[in-house]
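Undergrad: So that we are looking at the same thing, I have put the structure below in structure tokens.
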Amino acid sequence: MPGKRLIDTLRGEKTDRPPFWFMRQAGRYLPEYREIRKSASSFLDLCYTPGLAAEITMQPVTRFGMDAAILFSDILVVPHALGQEVRFVEGEGPKLVPVYNEAEIARLSMDALAQRIAPVCETLRRVKKILPADKALIGFAGAPWTVACYMVEGGGSRDFEKVRGWVCRDPKGFARLIDRITEATIVYLTAQAEAGAEALQLFDSWAGVLGEAAFASLVIAPARRIADALKMRFPQIPLIGFPRLAGANYLAYAGQSGMESMSIDYSVPLGWTRAQLQPQTVLQGNLDPMLVAENIDAALAQAEAIRRAFGGRPFVFNLGHGMLPHTPVAHVQALSDYLKTP
């Protein structure tokens with residue numbers, strides 16, 4: 001059986017070249033995705049329809065030959081599975097009925113969680129059956145802090161004033177929300193591992209809005225709790241954390257989160273990252289997706305700089321955030337072709 005570059009690399013082994021995959025590698029920039037999207041009544045319906053979600057998961061791997069497929073789903077599956085109303089509005093993004101207090105936290109129920117996440121796990125099983133043997137299958141979840149941001153704000157936000165206000169005003173009450181999300185996330189990722197996921201990524205997109213103390217309690221501590229729970233059951237499955245825009249807090253995350261690997265965003269200097277972070281963790285990142293969308297020559301030059309900076313140790317090439325919807329397919333093809341060279 002052929003080895004899997006991604007899994008070998010995440011375990012700290014050297015491979016013939018750095019493995020690569022892209023965050024949001026399946027999605028709106030692909031014409032085949034847009035065609036399938038027409039057949040679903042809503043984005044969540046797409047996530048919960050295993051046949052369609054499995055096909056979407058496979059689309060970029062089939063077209064570009066990445067070293068991994070990542071589950072097509074959304075980080076808001078967890079609050080939806082807990083009973084919070086979640087919908088996606090075309091052109092506006094997610095809309096949730098906000099959670100404001102402890103009474104509303106108490107209404108978030110684990111009772112139907114397994115049933116509600118079952119279609120997502122079926123997607124993983126279907127992909128596992130058809131994925132080439134040398135490709136890895138990645139599952140994922142939103143990290144508790146980032147999921148809480150959406151749950152409290154009722155959607156995206158510029159400043160996250162409501163959720164940060166709750167943290168400052170009533171830290172013990174807010175901790176109960178984080179605990180509930182953490183508990184659900186452990187169940188969710190455990191189910192993904194049982195369904196065939198070979199690596200798991202925790203997306204903490206809004207980690208960078210927190211100061212040092214809050215970062216430790218709301219980003220690192222839940223990540224460690226999730227990592228410890230998963231490692232008890234699945235010690236062979238590598239875990240990847242992505243505390244986006246964490247800045248100097250990346251250091252603490254790398255050393256304390258329990259994750260074998262850490263994604264970094266494109267704002268982090270390569271030299272500092274190589275010297276300070278790479279000795280502690282298997283890095284993943286960190287090309288600016290805007291470069292890929294707007295200037296493929298500059299993107300290829302930066303990709304070369306990233307591979308040169310991090311190539312002395314095992315690392316995974318990725319973007320520093322998700323692929324943008326207006327990215328030309330030809331640009332992704334050119335980048336993929338380059339990354340497949342030793």
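Undergrad: For Ala114, only one of the following conditions fails: (1) surrounded by fewer than 20 Cβ atoms within 10 Å (Cβ to Cβ); (2) within 21 Å of Phe43 (Cβ to Cβ). What is its number?
TA: Evaluating Ala114 over (1) surrounded by fewer than 20 Cβ atoms within 10 Å (Cβ to Cβ); (2) within 21 Å of Phe43 (Cβ to Cβ) leaves (2) as the failure.
Undergrad: Going through the stretch 73-123 one residue at a time, which ones are without any contact (Cβ under 8 Å) to a residue 40 or more places away in the chain and among the aromatic types (Phe, Trp, Tyr)?
TA: Once the filter is applied, which keeps residues that are without any contact (Cβ under 8 Å) to a residue 40 or more places away in the chain and among the aromatic types (Phe, Trp, Tyr), the stretch 73-123 yields nothing.
Undergrad: Still on this structure, please answer the following. Need pairs with beta-carbon distance below 6 Å; first residue touching a residue at least 24 places away in the same chain (Cβ under 8 Å) and within the stretch 19-35, second part of a loop (DSSP other than H, G, I, E, B) and surrounded by fewer than 20 Cβ atoms within 10 Å (Cβ to Cβ); sequence gap 6+ or separate chains.
TA: These pairs meet every condition: Met23/Gly322; Arg24/Gly322; Arg28/Pro325; Tyr29/Pro325.
Undergrad: For the stretch 295-306, does any single residue satisfy the condition of being within 21 Å of Ala246 (Cβ to Cβ), among the hydrophobic types (A, V, I, L, M, F, W, C) and in contact (Cβ under 8 Å) with a residue 12 or more places away in the chain?
TA: yes
Undergrad: Looking at Ser73, Ser109, Ser39, can you tell me which residue is in contact with a helix residue (DSSP H, G or I) (Cβ under 9 Å, 6 or more places away or on another chain) and surrounded by fewer than 15 Cβ atoms within 10 Å (Cβ to Cβ)? Working first, answer last.
TA: Values: Ser73 fails: surrounded by fewer than 15 Cβ atoms within 10 Å (Cβ to Cβ); Ser109 fails: in contact with a helix residue (DSSP H, G or I) (Cβ under 9 Å, 6 or more places away or on another chain).
None of the other options fit; the residue is Ser39.
Undergrad: Also, quick follow-up: May I ask you to list the residues in the stretch 250-274 that are more than 20 Å from Pro19 (Cα to Cα), among the hydroxyl-bearing types (Ser, Thr, Tyr) and surrounded by fewer than 21 Cβ atoms within 10 Å (Cβ to Cβ)?
TA: Ser267
Undergrad: How about the stretch 152-174: which of its residues are small (Gly, Ala, Ser) and surrounded by 16 or more Cβ atoms within 10 Å (Cβ to Cβ)?
TA: Those that are small (Gly, Ala, Ser) and surrounded by 16 or more Cβ atoms within 10 Å (Cβ to Cβ): Gly154, Gly155, Ser157.
Undergrad: Inspect the stretch 222-238 for any residue being crowded, with 20+ Cβ neighbours inside 10 Å, within 30 Å of Leu30 (Cα to Cα), touching a helix residue (DSSP H, G or I) at 6+ places or on another chain (Cβ under 7 Å) and modelled with pLDDT of 95 or more and give the result as yes or no.
TA: Yes; the residues of the stretch 222-238 include at least one that is crowded, with 20+ Cβ neighbours inside 10 Å, within 30 Å of Leu30 (Cα to Cα), touching a helix residue (DSSP H, G or I) at 6+ places or on another chain (Cβ under 7 Å) and modelled with pLDDT of 95 or more.
Undergrad: Okay, moving on. Given the conditions (1) closer than 19 Å to Leu76 by Cβ; (2) at pLDDT 95 or above, which single one is not true for Ala199?
TA: Just one mismatch for Ala199, condition (1).
Undergrad: Further question: Please state which one of Pro18, Pro94 is surrounded by 18 or more Cβ atoms within 10 Å (Cβ to Cβ), modelled with pLDDT under 95 and not aliphatic (A, V, I, L, M).
TA: That would be Pro94, the only listed residue that is surrounded by 18 or more Cβ atoms within 10 Å (Cβ to Cβ), modelled with pLDDT under 95 and not aliphatic (A, V, I, L, M).
Undergrad: Still on this structure: If I ask for residues that are of a type in the set (D, E, K, R) and within 25 Å of Arg24 (Cβ to Cβ), which ones from the stretch 239-275 would you list?
TA: Within the stretch 239-275, Arg244, Glu260, Asp265 qualify.
Undergrad: Hey, Ala197 hits all of (1) crowded, with 17+ Cβ neighbours inside 10 Å; (2) not in a loop (DSSP other than H, G, I, E, B) but one; which does it fall short on?
TA: Only one criterion in (1) crowded, with 17+ Cβ neighbours inside 10 Å; (2) not in a loop (DSSP other than H, G, I, E, B) is unmet by Ala197, namely (2).
Undergrad: Determine whether Val78 is surrounded by 20 or more Cβ atoms within 10 Å (Cβ to Cβ), among the hydrophobic types (A, V, I, L, M, F, W, C) and touching a His at 6+ places or on another chain (Cβ under 8 Å).
TA: Considered against the rule, which asks whether it is surrounded by 20 or more Cβ atoms within 10 Å (Cβ to Cβ), among the hydrophobic types (A, V, I, L, M, F, W, C) and touching a His at 6+ places or on another chain (Cβ under 8 Å), Val78 comes out as no.
Undergrad: Let me ask something else. Take Val86 and decide whether it is among the hydrophobic types (A, V, I, L, M, F, W, C) and in contact with an Asp or Glu (Cβ under 7 Å, 6 or more places away or on another chain). Reasoning before the result, please.
TA: Details: among the hydrophobic types (A, V, I, L, M, F, W, C): yes; in contact with an Asp or Glu (Cβ under 7 Å, 6 or more places away or on another chain): no.
For Val86, the condition - among the hydrophobic types (A, V, I, L, M, F, W, C) and in contact with an Asp or Glu (Cβ under 7 Å, 6 or more places away or on another chain) - is not met.
Undergrad: Working carefully through the options Leu287, Leu335, Leu277, find the one that is buried (at least 17 other Cβ atoms within 10 Å of the Cβ), more than 20 Å from the chain's Cα centre (by Cα) and in contact (Cβ under 8 Å) with a residue 12 or more places away in the chain.
TA: Of Leu287, Leu335, Leu277, the one residue that is buried (at least 17 other Cβ atoms within 10 Å of the Cβ), more than 20 Å from the chain's Cα centre (by Cα) and in contact (Cβ under 8 Å) with a residue 12 or more places away in the chain is Leu335.
Undergrad: Continuing with the same structure: Right, Glu122: of a type in the set (D, E, K, R) and either farther than 26 Å from Ile240 by Cβ or in contact with a strand residue (DSSP E or B) (Cβ under 9 Å, 6 or more places away or on another chain) (or both) or not?
TA: no
The values are calculated or read from the model by the stated rules, or taken from the named source; none is laboratory data. As the structure is a computational prediction, the values presented were derived from the model and not from experiment. Positions of Cβ are generated from backbone atoms using ideal geometry, with glycine treated the same way; all protein chains shown enter the neighbour counts.
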